[in-house]
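S.K.: Mind having a look at this structure? Questions to follow.
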Amino acid sequence: MNTLVWKVDKYVDNLENNPHVVDAANLLRENEVVALPTETVYGLGGNAENDEAVAKIFAAKGRPVDNPLIIHIADKEQLSRFVDEVPLVAKKLMDAFWPGPLTIIFKRKAGVLSELATAGLETVAVRMPDHPVALALLKKCGLPIAAPSANSSGKPSPTNAGHVIDDLNGKIAGVLDGGATGVGVESTVVDCTEPVPVILRPGGVTKEELEAVVGEVRVDAALTNEGAKPKAPGMKYRHYAPNAPLFMVSGTTAFLQSLIEEKQREGLRVGVLTTEENVGAYHADLVLVCGKRAALETVATALYETLRQFNKGNVDIIYSEIFPNTGVGYAIMNRLQKAAGNKLITE
Ligand code: AMP
Ligand code: MG
């Protein structure tokens with residue numbers, strides 16, 4: 001299959017009638033799959049009501065079939081097609097954070113969405129992305145669109161159209177190239193089927209921001225206890241991994257530098273993931289700056305691009321600094337832990 005790349009300027013008016021957006025919307029209606037920019041990462045979209053389209057998403061990504069997809073909508077009214085009841089806390093969260101990087105789990109109506117998209121669960125994950133190209137495409141095709149991140153399963157999520165092409169060229173109908181995404185980590189997934197909302201995956205909206213709107217918010221036990229079974233099926237998989245083994249390092253820059261030197265003495269090429277503040281402290285084969293510690297959102301924005309760059313740099317081992325677990329740091333650390341398979345070296 002020839003994968004088309006359609007460049008679209010997200011700042012122009014009337015995006016719904018942009019010829020590339022129209023082409024992509026037509027392909028979605030024909031049950032083909034296309035990649036689209038969102039404010040978090042690029043998504044791989046397909047008609048959520050059609051098994052054939054959803055099967056193409058799983059096949060292109062090589063995604064395990066027990067991992068359900070997030071359904072993307074352009075307006076709140078679309079929800080009533082596949083959700084009967086919107087609990088009050090969900091309504092408050094939708095009003096506060098949609099469009100935006102917050103996915104809400106609802107009980108779903110039977111018989112509307114593809115069972116593949118929801119992995120046979122009685123619930124459904126839904127979000128409204130805050131990106132003009134995504135919203136224009138969703139409006140134009142008029143369908144609920146299932147869209148996981150547009151990477152090969154297990155790889156770092158794509159934050160620009162080039163990453164999508166690196167992973168999925170020849171496997172999908174096309175990619176709408178709307179430039180680099182902003183938030184850089186995926187949406188926060190919050191289960192609103194319980195009286196107190198539960199975070200199943202940390203992401204672009206922080207726990208603190210959720211609590212400011214709805215009061216108490218819990219965190220799925222699996223996020224703090226490795227042994228617990230996660231309620232979001234996808235959270236059990238290793239994810240986001242660069243090709244070389246990645247180790248998180250807790251300690252001083254001098255300690256991390258000593259680890260680098262030890263591996264270099266063994267003849268290995270060593271990569272380091274650091275920040276603007278600490279870059280001067282390391283001498284390694286590849287030192288990559290992933291944003292600024294003083295502004296953690298810049299670390300989130302750069303994280304997946306940085307992990308992908310290590311693959312191009314042919315390193316044998318990667319050491320990463322760690323980050324505070326508050327605000328968006330919670331999502332950053334969750335992704336780093338997955339990328340590292342939880343390997344942590346403490347001084
Ligand atoms: P991705 O599409 O790669 O951003 O991942 C979506 C995340 O949402 C995965 O961790 C899924 O397991 C999770 N998810 C999707 N639908 C549900 C659902 N109905 N219940 C719980 N988690 C879900
Ligand atoms: Mg993903």
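Rule-based calculations on the coordinates, nothing more; no lab input. Predicted model only: the values in this text are computed from it and were never measured. Using ideal geometry, Cβ is built from the backbone for each residue, glycine included, and neighbour counts are taken over all protein chains shown.
S.K.: Convert 20 °C to kelvin, take the viscosity as 1.002 mPa s, use the Kirkwood radius over C-alpha pairs of region 88-203 as Rh, and evaluate the Stokes-Einstein diffusion coefficient in µm²/s, rounded to a whole number.
M.R.: 137 µm²/s
S.K.: For Asp66 and Leu344, calculate 0.36 nm times their separation in residues minus their Cα-Cα distance, and state this gained length in nm to one decimal.
M.R.: 97.2 nm
S.K.: Go ahead and run the numbers for FRET between Asn278 and Glu216, Cβ-Cβ distance against an R0 of 30 Å, rounding to 0.05.
M.R.: According to the calculation, E is roughly 0.25.
S.K.: Taking only C-alpha pairs under 8 Å that are 6+ residues apart, what is the relative contact order of region 96-155 in percent?
M.R.: 35 percent
S.K.: How do Ile332, Ile317 line up, fewest other C-beta atoms within 10 Å first?
M.R.: Working: Ile332 24, Ile317 21.
Ascending number of Cβ neighbours within 10 Å: Ile317, Ile332.
S.K.: Given a 10 angstrom Cα cut-off, can you work out which residue in Val219, Val54, Val328 is the most mobile in a GNM of the chain?
M.R.: Val219
S.K.: Using a cut-off of 16 Å between alpha-carbon atoms, which lysines can reach Lys139, once sequence neighbours fewer than 8 places away in the same chain are excluded?
M.R.: Correct list for Lys139: Lys10, Lys76.
S.K.: Follow-up question, since we're still on this one. Please tell me which of these pairs span more than 28 angstrom C-alpha to C-alpha: Lys109/Lys140; Lys7/Lys61; Lys207/Lys229; Lys56/Lys91?
M.R.: Exceeds cut-off: Lys56/Lys91.
S.K.: Now for a separate question. For a quick check: with amide H placed at 1.01 Å from N, whose amide H comes under 5 Å from Ile345's, ignoring anything fewer than 5 positions away on the same chain?
M.R.: The list, which skips near neighbours in sequence, is Met248, Val249, Ser250.
S.K.: Moving on to the next point. Output the relative contact order of the chain, whole-number percent, from Cα pairs under 8 angstrom with separation of 6+ residues.
M.R.: Details: 796 pairs, mean separation 67.3, N = 347.
Relative contact order here is 19 percent.
S.K.: Please list, in chain and number order, the residues 5+ apart from Gly154 or on another chain whose amide H is under 5 Å from its amide H, with Hs placed from the backbone.
M.R.: Amide H neighbours of Gly154, under 5 Å, 5+ apart: Tyr240.
S.K.: Non-local amide H neighbours of Arg201 (under 5 Å, H modeled in plane, Pro and chain starts lacking H): which ones?
M.R.: Placed amide hydrogens put Val189 under 5 Å from Arg201.
S.K.: Against the globular-protein guess of 2.2 N^0.38 Å, express the Cα radius of gyration of the chain as a ratio, rounded to two decimals.
M.R.: Normalised Rg, Cα atoms only: 0.99.
S.K.: For region 244-347, calculate the relative contact order in percent as a whole number, restricting contacts to Cα pairs under 8 Å that are 6 or more residues apart. Please report the intermediate quantities before stating the final value.
M.R.: Values: 181 pairs, mean separation 42.3, N = 104.
Dividing the mean separation by the residue count of region 244-347 yields 41 percent.
S.K.: Still on this model: So what J values fall out for region 294-301 if you push phi through Karplus, 6.51 cos²θ - 1.76 cosθ + 1.60 with θ = phi - 60°, rounded to Hz, Gly and Pro as x?
M.R.: Karplus-based 3J(HN,Hα) across region 294-301 equals 6, 9, 4, 5, 6, 5, 4, 4 Hz.
S.K.: What is the mean projected area of the alpha carbon convex hull for region 140-218, to one decimal in square nanometres?
M.R.: 7.2 nm²
S.K.: Region 1-121: D in µm²/s via Stokes-Einstein (Kirkwood Rh, Cα pairs, 25 °C, 0.890 mPa s)?
M.R.: It comes out at roughly 154 µm²/s.
S.K.: Give me the one-decimal Kirkwood hydrodynamic radius in Å for region 211-310, with the sum taken over alpha-carbon pairs. Kindly include the intermediate steps, with their values, before the conclusion.
M.R.: Details: mean 1/r = 0.0620 Å⁻¹.
The Cα-based Kirkwood calculation yields 16.1 Å.
S.K.: Quick one: check the C-alpha center-to-center distance for region 227-248 versus region 256-296, whole angstrom.
M.R.: What the calculation gives is 23 Å, centre to centre.
S.K.: Give the percent of DSSP beta bridges with both residues in the chain that are antiparallel, rounded to the nearest 5.
M.R.: Antiparallel: roughly 35 percent of the beta bridges in the chain.
S.K.: A further question on this structure: Expressed as a whole percent, how much of the Cα-Cα distance distribution for region 50-126 exceeds 19 Å?
M.R.: Result for the distance tail: 37 percent.
S.K.: Right, next: Have a look at the DSSP beta bridges in region 88-231 and tell me what percent are antiparallel, nearest 5. The partial results should precede the final answer.
M.R.: Numbers: 7 of 13 bridges.
That works out to approximately 55 percent antiparallel.
S.K.: Something else about it: Tell me, what HN-Hα J-couplings in whole Hz come from the Karplus equation 6.51 cos²θ - 1.76 cosθ + 1.60 at θ = phi - 60° for each residue of region 194-205, using x for Gly and Pro?
M.R.: Here the 3J(HN,Hα) series is 9, x, 9, x, 10, 6, 9, 9, x, x, x, 9 Hz.
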